[in-house]
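Chemist: Got a structure for you, written out below as structure tokens; questions coming shortly.
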Amino acid sequence: MKLGAFSVSLNVKDIKASKNFYETLGFQVFAGTLEQNYLIMKNEDSLIGLFQGMFENNLLTFNPGWDANANQLDDFDDVREIQAQLKAQDVPLIKEADKNSEGPESITLVDPDGNIILIDQHV
């Protein structure tokens with residue numbers, strides 16, 4: 001199963017303070033804006049998403065079809081294929097993708113410890 005680029009998506013209380021903190025750790029803004037209340041920050045191949053007011057908890061995020069630089073991959077597992085594989089293994093999904101759709105779509109599941117996993121395809 002090819003899940004694509006990995007990042008941790010953090011639910012932050014003050015996006016400006018979080019931006020400043022992660023900049024001290026060597027991260028730089030890669031995508032998003034403060035006005036949109038989200039930033040994707042990068043330090044080499046490490047990605048952290050900062051999201052203010054968009055969801056309740058932190059998420060583990062995978063982006064099928066993208067590498068760590070948001071470049072589109074030629075060879076990747078479509079999120080609907082990943083969904084079918086998970087369902088075949090009886091993995092419960094919180095949110096399912098429309099199996100008849102194409103292009104961008106997402107699924108959400110929870111690991112045994114309650115961590116939310118977002119598989120979010122943008123291509």
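The values are calculated or read from the model by the stated rules, or taken from the named source; none is laboratory data. None of these values were measured; they are calculated from a predicted model. Virtual Cβ from ideal backbone geometry, glycine too; neighbours counted across all protein chains shown. Remember, those area values only see protein heavy atoms, side chains included, never the ligands or the DNA or RNA. Shrake-Rupley method; radii C 1.70, N 1.55, O 1.52, S 1.80 Å.
Chemist: Quantify, in whole percent, the carbon and sulfur part of the accessible surface of the stretch 1-95 (1.4 Å probe; protein heavy atoms only). Write down the numbers at each step before the final one.
Modeler: Numbers: 2850 of 5740 Å².
The C+S portion of the solvent-accessible surface of the stretch 1-95 is 50 percent.
Chemist: Quantify how much of the Cα-Cα distance distribution of the chain extends past 23 Å, in percent.
Modeler: Working: 2526 of 7503 pairs.
Percent of Cα pairs beyond 23 Å in the chain: 34.
Chemist: Suppose the chain between ILE94 and ASN43 were pulled fully straight at 0.36 nm per residue; how much longer would it get relative to their current alpha carbon spacing? Could you put the intermediate results ahead of the total?
Modeler: Details: separation 51, 0.36 × 51 = 18.36 nm, distance 3.07 nm.
15.3 nm is the gain from fully extending ILE94 to ASN43.
Chemist: So what's the angle, to the nearest 10 degrees on a 0 to 90 scale, between helix 79-88 and the longest Cα principal axis of the chain?
Modeler: Compared with the principal axis, the helix lies near 60 degrees.
Chemist: Now, a different point. With +1 on each Lys and Arg Cβ and -1 on each Asp and Glu Cβ, how big is the dipole of the chain about its Cα centre, in debye rounded to the nearest 20?
Modeler: Working: 9 positive and 20 negative charges, 84 e Å.
So the magnitude is around 400 debye.
Chemist: Take the Cα pairs of the stretch 52-123, get the Kirkwood Rh, then feed it into Stokes-Einstein at 10 °C and 1.306 mPa s and tell me D in µm²/s. Don't skip to the answer; put the middle values down first.
Modeler: Details: Rh = 13.0 Å.
Using the Kirkwood radius from Cα pairs, D works out to 123 µm²/s.
Chemist: How much length, in nm to one decimal, is gained on full extension between ALA84 and ASN69, taken as 0.36 nm per residue of separation minus their Cα-Cα distance? Write out the running numbers ahead of the final one.
Modeler: On the way: separation 15, 0.36 × 15 = 5.40 nm, distance 2.69 nm.
Length difference between fully extended and current span is 2.7 nm.
Chemist: Then there's this: Can you give the relative contact order of the chain as a percent, counting alpha carbon pairs under 8 Å and 6+ residues apart?
Modeler: Numbers: 247 pairs, mean separation 32.0, N = 123.
The value is 26 percent.
Chemist: For the chain, what number of Lys pairs, 8 or more residues apart or on separate chains, have alpha-carbon atoms under 18 Å from each other?
Modeler: On the way: LYS2/LYS87; LYS2/LYS99; LYS16/LYS42; LYS19/LYS42; LYS87/LYS95; LYS87/LYS99.
Here the count comes out as 6.
Chemist: Suppose a student asked you for the relative contact order of the stretch 55-123, using Cα pairs under 8 Å spaced at least 6 residues apart; what percent would you report?
Modeler: Details: 110 pairs, mean separation 27.0, N = 69.
Relative contact order here is 39 percent.
Chemist: Taking a spot 7 Å from the Cα of GLU102 along the direction of its beta carbon, which residues of the stretch 56-78 have an amide N less than 18 Å from it?
Modeler: 65, 73-78
Chemist: For the chain, give the share of DSSP beta bridges that are antiparallel, in percent and rounded to the nearest 5; count only bridges with both residues there. Numbers along the way, then the final one.
Modeler: Details: 25 of 33 bridges.
Just about 75 percent of them are antiparallel.
Chemist: Could I ask something else about it? To the nearest 500 deg cm²/dmol, what mean residue ellipticity at 222 nm is calculated for the chain from DSSP H runs of n ≥ 4 alone, each contributing -39,500 (n - 2.57), summed and divided by the residues?
Modeler: Working: 2 runs with 20 residues, N = 123.
The helix-only estimate for the chain comes to -5000 deg cm²/dmol at 222 nm.
Chemist: Another question, then. Select from SER46, SER101, SER18 the residue whose mean-square fluctuation is largest in a Gaussian network model of the chain (Cα-Cα springs shorter than 10 Å).
Modeler: SER101
Chemist: Quick one: which residues, 5+ away or cross-chain, put their amide H under 5 Å from the amide H of TRP66? H built at 1.01 Å from N.
Modeler: Amide H neighbours of TRP66, under 5 Å, 5+ apart: ALA5, LEU73.
Chemist: Please determine, in degrees from 0 to 90 and to the nearest 10, the orientation of helix 15-24 with respect to the longest principal axis defined by the Cα atoms of the chain, where the helix direction is its Cα long axis.
Modeler: 80
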